[in-house]
Amino acid sequence: MINSIQLFYPVFAMILLSFLVMFILLWKNVNATKNRRVQMRFFILYKNREDVPDDLLQARDHYKNLFELPLLFYLLCILVYLTVDVTIVDLVFSWSFVAFRYIHSYIRATSNWVPRRFAFFVAGFVVLFVHWVFFAIRITGLINV
């Protein structure tokens, strides 16, 4: 039997990834400001992006990206936990999504090769979409797992 709390382990892993990326962004911001690669006024409204080094913009966009698709993941995990019995399928979908997001983040933070990064983004998107469909079918009673 699955303990429903296990569904929150991938949630915690996803939150850890968000914090790791946030610390990297903070480190890059501090260093870029200290080394005068970017002026402090950039941080007021985040304008004049053409004057900002690419690595800083990439880190900022990476961090912002973690508050887009993953929000649907967090919502789904909460809804699954509150409304239906957590199954092994839920755990597999959840851990798969998190794994794809970690790989996506690793690629983005290193080579940033877009075709490979995009492939892992799409893989995570598909896993999350199918998990939502699986949940919707279960919550409406069309299947009983």
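The values are calculated or read from the model by the stated rules, or taken from the named source; none is laboratory data. Note that the structure is a prediction, hence the values are computed from the model and not measured. Don't worry about glycine lacking a Cβ; one is built from the backbone with ideal geometry, like all the others, and counts go over all protein chains shown.
Here is how the numbers come out for the structure above:
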{"read-out": "Residue, surrounded by the fewest Cβ atoms within 10 Å (Cβ to Cβ), within the range 101-133, restricted to residues that are touching a His at 6+ places or on another chain (Cβ under 9 Å) and in contact (Cβ under 8 Å) with a residue 60 or more places away in the chain", "value": "ALA109"}
{"read-out": "Flag for ILE24 being hydrophobic (A, V, I, L, M, F, W, C), under 21 Å from HIS131 (Cα atoms) and in a helix (DSSP H, G or I)", "value": "no"}
{"read-out": "Failed condition for LEU57, given (1) of a type outside the set (Val, Ile, Thr); (2) under 15 Å from ARG108 (Cα atoms); (3) touching a residue at least 24 places away in the same chain (Cβ under 8 Å)", "value": "(3)"}
{"read-out": "Of all residues making up the range 4-21, the number that are more than 17 Å from PHE93 (Cα to Cα), surrounded by 14 or more Cβ atoms within 10 Å (Cβ to Cβ) and under 11 Å from the mean Cα position of the chain (by Cα)", "value": "3"}
{"read-out": "VAL11 vs. criteria within 21 Å of TYR81 (Cα to Cα) and assigned to a helix (DSSP H, G or I)", "value": "yes"}
{"read-out": "Positions within the range 28-46 being modelled with pLDDT under 85 and either under 30 Å from VAL122 (Cα atoms) or acidic (Asp, Glu) (or both), in sequence order", "value": "TYR46"}
{"read-out": "Residue that is farthest from ASN3 (Cα to Cα), among those in the range 66-100 that are surrounded by 16 or more Cβ atoms within 10 Å (Cβ to Cβ) and without any contact (Cβ under 8 Å) to a residue 40 or more places away in the chain", "value": "PHE100"}
{"read-out": "Every residue from the range 53-70 that is at pLDDT 90 or above and more than 12 Å from VAL21 (Cα to Cα)", "value": "GLU68, LEU69, PRO70"}
{"read-out": "Unique residue being over 22 Å from ARG138 (Cβ atoms) and at pLDDT 95 or above when the list is VAL98, VAL86, VAL114", "value": "VAL114"}
{"read-out": "Residues of the range 117-145 satisfying the condition of being within 20 Å of MET14 (Cα to Cα) and either modelled with pLDDT under 95 or of a type in the set (Gly, Ala, Ser) (or both)", "value": "ALA119, ALA123, GLY124"}
